[in-house]
1. Quick one: which strands (runs of 3 or more DSSP E) lie wholly within the stretch 94-168 and hold at least 3 residues that are within 16 Å of Leu192 (Cα to Cα) and out of contact with any Cys (no Cβ under 6 Å at 6 or more places or on another chain)?
2. Where the second residue is part of a helix (DSSP H, G or I) and β-branched (Val, Ile, Thr) and the first is over 18 Å from Gly177 (Cα atoms) and assigned by TED's automatic domain parsing to the domain that holds Val52 and lies in the stretch 62-80, which pairs have Cβ atoms under 9 Å and are six or more apart or on separate chains?
3. With respect to the numbered conditions (1) within 23 Å of the chain's Cα centre (by Cα); (2) more than 29 Å from Ile170 (Cα to Cα); (3) surrounded by fewer than 22 Cβ atoms within 10 Å (Cβ to Cβ); (4) in contact (Cβ under 8 Å) with a residue 40 or more places away in the chain, which one is the sole condition not fulfilled by Ala115?
4. Are there any strands (runs of 3 or more DSSP E) wholly within the stretch 234-325 with 1 or more residues that are of a type in the set (Gly, Ala, Ser), and if so which?
5. Just to be sure, is Ala248 under 26 Å from Tyr181 (Cβ atoms), in the same structural domain as Phe169 (by TED's automatic domain parsing) and in contact (Cβ under 8 Å) with a residue 40 or more places away in the chain?
6. Among the numbered criteria (1) buried (at least 17 other Cβ atoms within 10 Å of the Cβ); (2) at pLDDT below 95, which one does Ala47 miss?
7. In the stretch 54-67, what residues are surrounded by 20 or more Cβ atoms within 10 Å (Cβ to Cβ) and part of a loop (DSSP other than H, G, I, E, B)?
Amino acid sequence: MRDTLRVGFVGTGGIARGQHMPGWIGLPNTEITAVCDVSEEAAAKGAEVAGVDKGHIYSDYEKMLDKEDLDIVDVCTPNSYHMPPTVAALEAGCHVIVEKPVATSADEVRQMIAARDKSQKLLCVVQNMRFSDEAIAAKQIVEEGGIGDPYWAKAEYLRARGVPAWGAFIVKELSAGGPCYDIGVHVLDLALHLMGFPEPVSVSAGTWLEISNKPSVMQHDPKRYTVPEELAAGFVRFENGACVSLAASWALNAPGNQNQVAVYGTRGGVQMFPFTYVKEEHDVMFNCTPQVFGKKGLGGHAEEIRRFVDAVTGRGPVPVPPEQALITQRILDGIYRSAEEGAEVEV
């Protein structure tokens, strides 16, 4: 393995320029050497942020993979276009890190895992909420038995009026799903992560679109709104008897935004916003506010990228393996299917 890892980007929009690229730029022994985007403007902006020469800017990722000698590819395309460049990069002999949601169906995730296995390279999914200082501390509390056996979790990411007015978020052809894919996947992943990724067996869910496809105080164009929902809510059952309630919205007639991931167990509980640890001792209940001394300011994306480089160089595990993302995707598939059928479905 060479001393400096060469990184190529497929997709150079806001998430790439604002989160991923700073994460790579801040790491020693890595270098962004090529960028690709179907938009010439986005590609040029990405190249400027990453310090990539004009001769290494592409509009076709297959050409980039053919011409560039890359070690790692970072995929930041819209949701519907995660799988093809991921598989192509793995087949080209590159390790891959791909934005959430990993894909738009469990079958696509299985194809990505098969390509990883065939290539014998590493595949990692970006789930940056796991890598805040507070989430890392919460995971340690759970793993050391601080809450006992988790049996119920609440995962909510609710925006009262927060439909994205930029990018491809609201276009079904590009994003496939709405807030369920955009922000619901974040809180669902964190809840499952804290619970140890139990095996899901069924989902009962509903989706609604009542506000975002009509004129409102929001800045997006309602005529472009073609994703199937602005609110998704569901209840997930697991093989071990545990359950998760999930809700995600971009638009809801609520008094404000409501974000929470909370996991409750036989001995205690943790919630993330604000970070609180609850337990019973000495015949009283304690609501503890942990003081976390971590890497403030590094950010979840940068921390996950750092850990992925550790995995590539043999110094640690893949921080978010696709097998875990497959479980998350099966649940997301189940939410849409249950809503469409109006009944609980197996996952």
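The values are calculated or read from the model by the stated rules, or taken from the named source; none is laboratory data. Fair warning: this is a prediction, and the values are worked out from it, not measured in the lab. Cβ sites come from the backbone with ideal geometry, for glycine too, and all protein chains shown count toward neighbours.
1. 150-158
2. Pairs found: Asp71/Val312; Ile72/Val309; Ile72/Val312; Val73/Thr86; Asp74/Ile305; Val75/Thr86.
3. (4)
4. Once the strands (runs of 3 or more DSSP E) in the stretch 234-325 are filtered for at least 1 residues that are of a type in the set (Gly, Ala, Ser), what remains is 243-249, 258-265, 268-272.
5. Judged against the criteria, Ala248 is a match.
6. Exception for Ala47: condition (2).
7. none
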